[in-house]
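The values are calculated or read from the model by the stated rules, or taken from the named source; none is laboratory data. Just so it is clear, the model here is predicted, and its values are computed rather than measured. Cβ sites come from the backbone with ideal geometry, for glycine too, and all protein chains shown count toward neighbours. Heads up: the accessible areas ignore ligands, DNA and RNA and are worked out on the full protein's heavy atoms, side chains in. Shrake-Rupley method; radii C 1.70, N 1.55, O 1.52, S 1.80 Å.
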Amino acid sequence: MKKVLITGGAGFIGYHLADLLIRSNYHVDLLDNFSRGVNDSAMKSLLENRNVNFFDINLLDKEELKNLNKDYSLIFHFAAIIGVKHVLKSPYDVLANNFKLLDNILNFAKNQKKLEKFIFASTSEVYSGTLKFFGIEFPTTEKTPLTISALDEPRTTYMLSKIYGEALCLSSGVPSVIIRPHNFYGPRMGLSHVIPELMKKSIETNEQEIDVFSTNHSRSFCFIEDAVKMIKVLAESSKAVGESYNIGNENEEIKMGDLAQKIIALTEKKLKINPMPSTPGSPERRCPGMTKFNEISDFQPQYNLEQGLKKTYEWYSSKIFSKIEKSAI
């Protein structure tokens, strides 16, 4: 049985990937310190599986990694400061700590005896500077040259930490695969992302309307169960090492105003949308080109947007909005 390490293992992507991998006969070690994630019923249930171990470790302290084994076949690095609110609040920490987290786990990876791949979660934000200054094609391919935004803009720090992270991985000598997630969504993603934010607004308002920012901006969303299956494909592919891949769904691009309407319909409330200004630094459009991924796999997303939104809303309604469980921040 191959052993896997997932940093940020209590988080959104880490949890769902771990759930998939243990059902695929992997042994999974989760590394986290619950600085953002929560030890909810889903996590507790996952940890009951005999093929899962959890390590409460602060990855910023490389000394704490010395207690881990050196026989991992796959390492997935998801630990990072993410989310627009967190980035705008602490831009220095984003840049400094995202580098430290990656540097520590890369040095740990260099000492592994059986390592096949190191999978680094970058971001679709790496394309935002190019879009702003030069324009890009949509769907956007991985061949798109990367341009950084103004360095005094707080949001730049997150994008820059990930571009630097990609370069660090590819220069490390570790067999690395870069993934660029495009708007994953689903249960357990916290409340600091547009879909759960809009759901929360719609549920809790006592008014006849809700504020929606960037109504004319568009995104292409990917349900988390589809996303982790694509990540697993890359982790198991011999062709993926040294390459960068978009992970997402290029088929259902939607404007934020239209997304809000779909979410309001799920709540069965009669609400109007109050269009607000665009969020500073938010790209007007984002849609991943999936040709490169499709060259190594015939996997296609199994959930359309309406199906994914329904499953997400049902989970948040039963767990978070009902106050039964605490959400990640």
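For this structure, a couple of remarks:
- Count - residues of segment 61-78 that are loosely packed, with under 15 Cβ neighbours inside 10 Å and part of a loop (DSSP other than H, G, I, E, B): 4
- Candidates Lys323, Lys311, Lys269 - the one that is at pLDDT 95 or above and farther than 23 Å from Ile136 by Cα: Lys311
- Every condition in (1) in contact with a helix residue (DSSP H, G or I) (Cβ under 7 Å, 6 or more places away or on another chain); (2) polar (S, T, N, Q); (3) under 24 Å from Ala227 (Cβ atoms) is met by Ser41 except one, and the failing one is (1).
- Where Gly173 falls short, out of the listed (1) assigned to a loop (DSSP other than H, G, I, E, B); (2) touching a helix residue (DSSP H, G or I) at 6+ places or on another chain (Cβ under 6 Å); (3) modelled with pLDDT of 95 or more; (4) of a type in the set (Gly, Ala, Ser): (2)
- Tally, over segment 300-329, of residues that are closer than 23 Å to Lys200 by Cα, open to solvent by 60 Å² or more (accessible area, probe 1.4 Å) and without any contact (Cβ under 8 Å) to a residue 24 or more places away in the chain: 3
- Failed item in (1) assigned to a loop (DSSP other than H, G, I, E, B); (2) open to solvent by less than 50 Å² (accessible area, probe 1.4 Å); (3) of a type in the set (D, E, K, R), with Arg180 passing the rest: (1)
- Residue tally, condition over 18 Å from the mean Cα position of the chain (by Cα) and charged (D, E, K, R), over segment 29-45: 3
- For segment 145-170, filtering for residues that are under 17 Å from the mean Cα position of the chain (by Cα) and assigned to a loop (DSSP other than H, G, I, E, B) leaves 1.
- Of the residues Ser297, Ser238, the single one that is open to solvent by 60 Å² or more (accessible area, probe 1.4 Å), small (Gly, Ala, Ser) and on the phi < 0 side of the Ramachandran plot is Ser238.
- Put simply, of Ser149, Ser214 the only residue that is of a type in the set (Gly, Ala, Ser) and closer than 18 Å to Gln261 by Cβ is Ser214.
- Top-ranked residue in segment 23-38 [being outside any strand (DSSP E or B) and hydrophobic (A, V, I, L, M, F, W, C); ranked as surrounded by the fewest Cβ atoms within 10 Å (Cβ to Cβ)]: Phe34
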